[in-house]
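Okay, structure first, notes after.
Since every read-out is calculated from the coordinates, none of them should be taken as a lab result. The model shown is predicted, which means the values in this text are computed figures rather than measured ones. All Cβ positions, glycine included, derive from the backbone under ideal geometry; neighbour counts span all protein chains shown.
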Amino acid sequence: MMVNCSSRTPMTHPEMEPAIWSRLPEELLERILAFLPFRTFLNLRSTCKRFNSLLFSPSFISLHSSSLAVGHRTQTHPPFSSFLLLSHPQFYHQVILYNSFQGHWRSLTLPSSHATSHLLSTSNGLLCFSLPNSSAFLVRNLLSRSSRLIEFPTYPFSFNSVSLISLPSKGYKILVLSTGSSSNSTFVYDSNSNSWSRFEGFDQILSENSHQEGVFCNGHLYFTTPEPFSIVGFELETGKWARPTEAELPEELTFVRLVKSGEGKLYMIGGIGSYGISKRVKLWELVEGRDWVEVERLPEMMCRKFTSVCYHNYEHVYCFWHDGMVCICCYTWPEILYYKVSRRTWHWLPRSPYLPEKWSCGFRWFSFVPDIYTLV
């Protein structure tokens, strides 16, 4: 028997009764929305105040975290990708982002309030800026569009190094090494108390490493010093400086930097040579807090490029950890040299297509992992 489909009456769906849906229990609504892709929810929350208020609701956060945990059993990446972020003094309203998983570049426009601001440090989705003509820092979560202006406690407003440390469920701290006319001081800002603490003095030789951020590990912020090379640590709770490890550094170092992995391992990158000229670049791991064990060395041709890029001015070299990679950068060069730990391979990340060719210095890379729930 043949059926003429064209003669069928089209099916119609009854309209949802607003009076019924508006009385949906709060806990049921939260449970439904928690299973939405997070990007979809961020777009949806702009449609009404009720949805928007869920974003920082403790019950919704708990549900959403649980749904992510289930999703991670089949997905290898969180709802937001991690990015390498490039800031440059001439890129006034923008930063450049590189998605290392997708191999994709993009440019992100900053709020107009960030015009001529200088990005100093990033941590767990937060960005710390210094503002022009102001003795203050601005800490901002770009994803939640929240920010806090933090006035520096002394005048003049001068600093050698700024490190932002985000502590899960415990707010964040900002450590500032400041050199004055008569003494050096260490300032620590605590977001929970919205206050500064001041500690007199720090290792004088650190004042020569103005580009270096601290590496946070085991409650300490670690720094490396120029020659004579050493590692010093600042304990955030007590405000004391100390030599944190008795492990001897390798001989014939020309420069040295520290990096902490996502699993808490402490790595050291350094040049080996004489008279300030690196012949080799090596990577070491601190084993049981006692010994620096060589992990890898940079292949010869890549080492030649790296040393030519730096012109043996290693004060411009800085390093950080990003998504399973040890990243080695130079303020005078737009490319990143990185070591992929899982594959034990070295690579160069080429220059961004968003960068004008004429820019030759001031390149500052950061690891940026957006997190909507990191509060400022």
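Odds and ends about this structure:
- Order of 240, 173 - criterion: other Cβ atoms within 10 Å of each residue's Cβ, fewest first: 240, 173
- In the structure shown, the pairs 282/340; 170/265; 305/340; 282/358; 240/265 are assessed against 20 Å; a Cα-Cα span above that value is assigned to 170/265; 282/358; 240/265.
- Taking every alpha-carbon pair under 8 Å whose residues sit at least 6 apart, region 83-368 reaches a relative contact order of 12 percent.
- The stretch between residue 183 and residue 360, if pulled fully straight at 0.36 nm per residue, gains 60.3 nm over its current Cα-Cα span.
- Extension gain, residue 342 back to residue 134 (0.36 nm per residue minus Cα-Cα distance, nm): 70.5 nm
- Shape of region 83-368, Cα gyration tensor, a/c cut at 1.5: oblate
- Potential lengthening of the chain between residue 53 and residue 101 amounts to 14.1 nm, from the contour at 0.36 nm per residue minus the alpha-carbon distance.
- Simple label model, 7 Å out from Cα along Cβ direction - residue 93 to residue 280, nm: 5.1 nm
- DSSP-assigned coil residues among chymotrypsin sites (Phe, Trp or Tyr not before Pro) in region 243-292, each with at most 13 further Cβ atoms within 10 Å: 275
- Phi to ³J(HN,Hα) by Karplus 6.51 cos²θ - 1.76 cosθ + 1.60 over region 118-134, Hz, x for Gly, Pro: 10, 6, 10, 7, 9, 6, 6, x, 9, 10, 10, 10, 9, 9, x, 6, 8
- Modelled FRET efficiency - R0 25 Å, residue 288 with residue 199, Cβ distances, 0.05 increments: 0.25
- For the pair residue 351 and residue 81, a Förster radius of 25 Å applied to the C-beta separation gives a FRET efficiency near 0.75, rounded to the nearest 0.05.
- Note that region 236-246 has calculated 3J(HN,Hα) couplings of 4, 6, 9, x, 9, 9, 7, 7, x, 9, 8 Hz, one per residue in order, obtained from phi through the Karplus relation 6.51 cos²θ - 1.76 cosθ + 1.60 (θ = phi - 60°); glycine and proline are x.
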